[in-house]
1. Say whether the condition of being under 29 Å from residue A:150 (Cβ atoms) and hydroxyl-bearing (Ser, Thr, Tyr) is met by at least one residue in the range B:61-77.
2. Has the range A:44-57 got at least one residue that is assigned to a helix (DSSP H, G or I) and farther than 28 Å from residue A:130 by Cα?
3. Of the residues A:116, A:102, only one is at pLDDT below 95 and assigned to a helix (DSSP H, G or I); which?
4. Within the range B:35-67, can you find the residues that are open to solvent by 10 Å² or more (accessible area, probe 1.4 Å) and farther than 20 Å from residue B:11 by Cβ?
5. Just one of A:146, A:107, A:111, A:73 is exposed (fewer than 11 other Cβ atoms within 10 Å of the Cβ) and assigned to a helix (DSSP H, G or I); which is it?
6. So, in the range A:60-70, how many residues would count as being within 19 Å of residue A:20 (Cα to Cα) and crowded, with 21+ Cβ neighbours inside 10 Å?
7. Quick one: is residue A:21 modelled with pLDDT of 95 or more and open to solvent by 10 Å² or more (accessible area, probe 1.4 Å)?
8. Mind checking whether some residue in the range A:77-90 is free of Cβ contacts under 8 Å to residues at least 12 places away in the same chain, more than 9 Å from chain B (Cβ to nearest Cβ), surrounded by 11 or more Cβ atoms within 10 Å (Cβ to Cβ) and in a helix (DSSP H, G or I)?
Amino acid sequence: MNLAEGVQIVSLGLLSVMMLGAALGVVLFENIVYSAFLLGGVFISIAGIYILLNADFVSAAQVLIYVGAVNVLILFAIMLVNKREDFAPVTRQWVRKASTALVCGGLFSLLALMVLRTPWSLPATQTAPASTTLLIGEHFFSDYLLPFELASLLLLMALIGSVMLARREFIPEQTTPEDKQVPLQLPERPRQPIALAGSSSKSWTN
Amino acid sequence: MQLQYFLLLGAALFCIGIYGLITSRNAVRVLMSIELMLNAVNINLIGFSNFLDGASIKGQVFAVFVITVAAAEAAVGLSIILSIYRNRNTVDMEQFNLLKW
């Protein structure tokens with residue numbers, strides 16, 4: 001990174017303010033669509049922080065995978081589960097929120113104390129490598145070859161598993177008469193509510 | 001530019017993720033909070049990789065593996081939420097107590 005020190009500090013401040021504000025928005029907004037778009041903002045800010053840390057390949061991978069794939073996947077899930085429902089109020093919910101905020105604040109103060117008190121023994125001279133992509137590729141194909149192949153296996157398993165979990169189960173022989181008005185819905189197995197008063201176990205047996 | 005700034009950023013993002021994970025009612029938002037926590041871990045890994053191990057960047061390799069596992073986790077988690085929504089017709093976390101008693 002060939003930027004001056006002041007430019008790096010200012011851009012780090014801007015990126016961290018963007019990241020923390022968008023993350024708070026993700027957690028605190030009522031509307032979940034706003035949360036999903038702000039999540040994209042968090043991911044882009046984190047990609048900027050990676051560039052400040054001399055990690056250009058990981059930054060590009062972050063933009064491609066998180067913003068391009070995971071965020072779009074979350075938006076699709078929100079559209080598929082698009083149901084305006086007002087959640088039933090839980091008694092004394094503010095106690096939960098307050099205690100959770102207390103625990104999270106305590107955890108953050110502990111972590112900050114640890115970070116600030118520890119004498120980090122950094123090496124004096126930092127030599128950034130010429131091309132991080134070359135080095136990461138060498139790591140992938142020499143000493144991290146087995147985790148690399150296992151990651152591809154994991155991706156295949158996740159692909160097949162999510163297709164298996166989320167597919168609709170068709171009913172093959174369901175012929176509709178010609179003259180009858182066909183209702184506009186996808187052919188799907190009729191929805192069986194599970195765990196209705198504990199008498200639903202026989203719906204799985206057929 | 002010091003290492004401590006990035007570690008503090010990662011800690012703050014992780015705590016925000018934990019808060020969202022515990023308090024949110026919508027199941028999709030819980031998955032978003034998990035993504036926030038995984039990104040906090042990635043910031044830590046790349047910060048250490050830059051400041052302690054600048055010559056052979058092994059922390060970035062680990063960050064790429066974490067990104068891979070996070071993508072797989074997001075796909076499987078969203079399909080699980082989708083199939084629960086088909087069966088129970090809600091995404092409220094308070095009603096996902098199938099295995100509770």
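1. So in the range B:61-77, the residues under 29 Å from residue A:150 (Cβ atoms) come out as B:61-77.
Retained after the next criterion (residues that are hydroxyl-bearing (Ser, Thr, Tyr)): B:68.
There is at least one residue in the range B:61-77 that is under 29 Å from residue A:150 (Cβ atoms) and hydroxyl-bearing (Ser, Thr, Tyr).
2. Scanning the range A:44-57, I find no residue that is assigned to a helix (DSSP H, G or I) and farther than 28 Å from residue A:130 by Cα, so the answer is no.
3. Numbers: A:102 fails: at pLDDT below 95.
Matching residue, one of A:116, A:102: A:116.
4. To start, the set of residues in the range B:35-67 that are open to solvent by 10 Å² or more (accessible area, probe 1.4 Å) comprises B:37-38, B:41, B:44-45, B:48, B:50-56, B:58-59, B:62, B:64-66.
Answer for the range B:35-67, where residues must be open to solvent by 10 Å² or more (accessible area, probe 1.4 Å) and farther than 20 Å from residue B:11 by Cβ: B:53, B:54, B:55, B:56, B:58, B:64, B:65.
5. Numbers: A:107 fails: exposed (fewer than 11 other Cβ atoms within 10 Å of the Cβ); A:111 fails: exposed (fewer than 11 other Cβ atoms within 10 Å of the Cβ); A:73 fails: exposed (fewer than 11 other Cβ atoms within 10 Å of the Cβ).
When all the criteria are applied, what remains is A:146.
6. Within the range A:60-70, the subset within 19 Å of residue A:20 (Cα to Cα) is A:62-63, A:66-67.
Narrowing further to those that are crowded, with 21+ Cβ neighbours inside 10 Å: A:62, A:66.
So the count comes out to 2.
7. Numbers: modelled with pLDDT of 95 or more: yes; open to solvent by 10 Å² or more (accessible area, probe 1.4 Å): yes.
Against the criterion (modelled with pLDDT of 95 or more and open to solvent by 10 Å² or more (accessible area, probe 1.4 Å)), residue A:21 qualifies.
8. Here is the first cut: in the range A:77-90, the ones free of Cβ contacts under 8 Å to residues at least 12 places away in the same chain are A:77, A:79-90.
Still in the running and more than 9 Å from chain B (Cβ to nearest Cβ): A:79, A:82, A:84, A:86, A:89.
The next check asks that each one be surrounded by 11 or more Cβ atoms within 10 Å (Cβ to Cβ); those that pass are none.
No; the residues of the range A:77-90 include none that is free of Cβ contacts under 8 Å to residues at least 12 places away in the same chain, more than 9 Å from chain B (Cβ to nearest Cβ), surrounded by 11 or more Cβ atoms within 10 Å (Cβ to Cβ) and in a helix (DSSP H, G or I).
The values are calculated or read from the model by the stated rules, or taken from the named source; none is laboratory data. Since this is a predicted model, take the numbers as computed values, not measurements. Backbone-built Cβ (ideal geometry, glycine too); neighbour counts: all protein chains shown. For accessibility, only protein heavy atoms count, side chains too; no ligands or nucleic acids. Shrake-Rupley method; radii C 1.70, N 1.55, O 1.52, S 1.80 Å.
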